[in-house]
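S.K.: I have a structure I would like to understand better, so I am pasting it below and will then ask my questions one at a time.
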Amino acid sequence: MSAGVARVATEPLAAAPSSPSAPMDEETRAWLSGLRTTTPARDAAVARLHALLLKAARFEIARRRASLPHLRGNELDDIAHEAADDALVSVLARLDGFRGESRFTTWAYKFALLEAAVKLRKRAWQGREIPLEDESWDVIASRGITPSDHAAQAELLEVIRTAMDTTLTAHQRRVLVALALNGVPIDVLAERLGTTRGALYKTLHDARTRLRSHLTKAGFDVDALLQENQ
C-alpha cells in the first residue's frame, strides 16, 4: 500500500511548541533598539532590515530558479523586492512578539524566505487550473504496490472514496483533494478560494479526522497503516 493513501486519511497536523524567552545577544538587542526607537535612527534600521530581507529573498529565489525556467531575471528581481517588502511589514508587525529564541537576523530572515517561496509558488501556478477532482487515485493506487497487495489496496481505496463522498462536506472534499491528492500548494489554494492558510489547515484537519473515524469504524487499524507507510 502506498504512503500517499494513508496520508490522505490519517496524517496529523503538527503543532508548534512554545518555549520561554531566551537571553538576547548584543547584536539582537541593537536591532530591536534601532527598530523600536522613535528617532530618525529608526529609518536607518528599517533600511538595513530591508536590505537583509532582500538578500534572503534573492537567496531563496536563486535556490528555486531551476524550477521556474520561464521567468526572466527582471521578473525574479521584482519578486525578490515584493517578497522583501512584505517580509518587512510582517517583521515589524510582529516585533513585540519576538521571544529571542534565535538571533534576530535568523528570525527575520525566515520571513523573507517564506514570502519568496510563496510568491514563486503562486507565480508557478499563475494561469493554471486548480485540480479539485480526485484525478490522482489511479496514480496513487499503482504507486509501489505488489500484486499480492492489490486486493487490500483496492478495498482501502474504496472505503476512502466512499467516506469522502458520504462523510465530508463539499468544501472539505475539495480542499482534501486539492492539497492531499493533487499537490496544490496551500497558499495558492487559499488565494484561489479567497480564504486563508489557517482556514484551509482547519478544513484539512477536520476532513482527516472524519476519514480517520470512518476508517476505524470500517475495521481498519489506522495506527498500523501509519507505521506501515513510514
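The values are calculated or read from the model by the stated rules, or taken from the named source; none is laboratory data. None of these values were measured; they are calculated from a predicted model. With ideal geometry, Cβ positions are generated from the backbone for all residues, glycine too; neighbour counts draw on all protein chains shown.
S.K.: For the condition in contact with a helix residue (DSSP H, G or I) (Cβ under 9 Å, 6 or more places away or on another chain), under 20 Å from residue 123 (Cβ atoms) and surrounded by 15 or more Cβ atoms within 10 Å (Cβ to Cβ), what is the one hit in 189, 168, 176?
M.R.: Answer to the check: 189.
S.K.: Filter the range 73-108 for residues that are of a type in the set (S, T, N, Q) and not in a helix (DSSP H, G or I) and give the result.
M.R.: 102
A quick yes/no check of all residues on (1) assigned by TED's automatic domain parsing to the domain that holds residue 119; (2) at pLDDT below 90; (3) under 19 Å from residue 109 (Cβ atoms):
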site: 3; (1), (2), (3): no, yes, no
site: 16; (1), (2), (3): no, yes, yes
site: 48; (1), (2), (3): yes, no, yes
site: 54; (1), (2), (3): yes, no, yes
site: 59; (1), (2), (3): yes, no, yes
site: 70; (1), (2), (3): yes, yes, no
site: 86; (1), (2), (3): yes, no, yes
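S.K.: Look at the range 185-197 and say how many of its residues are assigned to a helix (DSSP H, G or I), within 14 Å of residue 118 (Cβ to Cβ) and without any contact (Cβ under 8 Å) to a residue 60 or more places away in the chain.
M.R.: 4
S.K.: Hey, residue 44 hits all of (1) surrounded by fewer than 14 Cβ atoms within 10 Å (Cβ to Cβ); (2) under 23 Å from the mean Cα position of the chain (by Cα); (3) of a type outside the set (S, T, N, Q) but one; which does it fall short on?
M.R.: (2)
S.K.: Sticking with this one: Can you find a residue that is over 16 Å from the mean Cα position of the chain (by Cα), part of a helix (DSSP H, G or I), at pLDDT 90 or above and buried (at least 16 other Cβ atoms within 10 Å of the Cβ) anywhere in the range 109-120?
M.R.: Yes, because at least one residue in the range 109-120 is over 16 Å from the mean Cα position of the chain (by Cα), part of a helix (DSSP H, G or I), at pLDDT 90 or above and buried (at least 16 other Cβ atoms within 10 Å of the Cβ).
S.K.: Would you mention how many residues in the range 62-95 are under 19 Å from the mean Cα position of the chain (by Cα) and loosely packed, with under 13 Cβ neighbours inside 10 Å?
M.R.: Summing the residues that are under 19 Å from the mean Cα position of the chain (by Cα) and loosely packed, with under 13 Cβ neighbours inside 10 Å in the range 62-95 gives 1.
S.K.: While we're on this one: What residue, among those in the range 121-148 that are at pLDDT 55 or above and of a type in the set (Lys, Arg), is surrounded by the most Cβ atoms within 10 Å (Cβ to Cβ)?
M.R.: Ranking the candidates gives 121 first.
S.K.: Could you please give the count of residues in the range 213-225 that are buried (at least 18 other Cβ atoms within 10 Å of the Cβ) and either under 22 Å from the mean Cα position of the chain (by Cα) or part of a loop (DSSP other than H, G, I, E, B) (or both)?
M.R.: 1
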